[in-house]
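The values are calculated or read from the model by the stated rules, or taken from the named source; none is laboratory data. A quick note: this is a predicted structure, and the numbers were derived from the prediction, not measured. Here Cβ is always computed from backbone atoms with ideal geometry, including for glycine, and neighbour counts include all displayed protein chains.
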Amino acid sequence: MSARPTNIVLIGFMGSGKSSIGRIVARRMGFQFLDTDALIVERAGRSVPTIFAEQGEEKFRDLETGAIESLAQHSRCVIATGGGAVLRERNRALLRELGLVVLLAASEEVLFERVSRNDRRPLLQTENPRETLGQMLAGRREVYEAAAEHVVDTSHFTHRQSADAVIAAARRAFSWKTGP
Ligand code: S3P
């Protein structure tokens, strides 16, 4: 089997900081930052909420798998995934092949506080978003943990501290003794 490419794949629930922390990690490591939601939007020519509203979640998930597949030849990237990317077994396998899979975890309270800052997430546009988030998180937690090779709990960290923890894990995984 050939060696895995040198990528960092960030997984985690909505609001776990995958994009913000991923950008910091990429900048500090000299890697490219990629975001599967952004790839989907670029390819579909419509926003995530519009895809959900007009084509439904399954179509979104198909586009998500296509976006992950399109990354196969990349290396030296930080790849932020959508919160539901790990739900499909095929995606989990693809993400593992892409690089080091790091889970950004956070408590339910912290996640809710973070996602409440905007209304960009169609799955949380319910009558009781707090309850929806709790139920989704309970249903997904095990999947995230099983998919991850390394976990960073971001609940009490600044983005910079979380980025430090991701970089330390990546350096160990890539067997880098010092900076890249
Ligand atoms: C989703 C998370 C979102 C986006 C879509 C579905 C999910 O990404 O992919 O709204 O199922 O958890 P973020 O985790 O970047 O918010």
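With respect to the conditions (1) within 20 Å of Asp35 (Cα to Cα); (2) within 14 Å of the ligand (Cβ to nearest atom); (3) of a type in the set (Val, Ile, Thr), Thr132 lacks only one, and its number is (1). Taking region 124-164 on its own, how many of its residues are within 23 Å of Met29 (Cβ to Cβ) and of a type in the set (S, T, N, Q)? Of the residues in region 124-164, 4 are within 23 Å of Met29 (Cβ to Cβ) and of a type in the set (S, T, N, Q).
If the condition is being in contact (Cβ under 8 Å) with a residue 40 or more places away in the chain and exposed (fewer than 14 other Cβ atoms within 10 Å of the Cβ), then region 135-145 contributes only Glu145. Being within 17 Å of Arg121 (Cβ to Cβ) and surrounded by 20 or more Cβ atoms within 10 Å (Cβ to Cβ) is the filter; apply it to region 64-87 and report the residue that is farthest from the ligand (Cβ to nearest atom). Restricting to residues being within 17 Å of Arg121 (Cβ to Cβ) and surrounded by 20 or more Cβ atoms within 10 Å (Cβ to Cβ), the top hit is Val86. Beta carbons closer than 8 Å, at least 6 apart along the sequence or on distinct chains, pair a first residue in region 83-99 that is within 11 Å of Tyr144 (Cβ to Cβ) with a second that is at pLDDT 95 or above and hydroxyl-bearing (Ser, Thr, Tyr) for Gly83/Ser16; Ala85/Thr36; Val86/Tyr144. Comparison of Arg90, Arg61 shows that the only residue that is farther than 16 Å from Val166 by Cα, under 17 Å from the mean Cα position of the chain (by Cα), loosely packed, with under 15 Cβ neighbours inside 10 Å and at pLDDT 95 or above is Arg90. If a residue has to be loosely packed, with under 11 Cβ neighbours inside 10 Å and of a type outside the set (Asp, Glu) to count, how many in region 113-134 make the cut? Residues flagged as loosely packed, with under 11 Cβ neighbours inside 10 Å and of a type outside the set (Asp, Glu) within region 113-134 amount to 3. Any idea which residue in region 31-58 is farthest from Ile8 (Cα to Cα), counting only those that are buried (at least 18 other Cβ atoms within 10 Å of the Cβ) and within 8 Å of the ligand (Cβ to nearest atom)? Here the residue is Val48.
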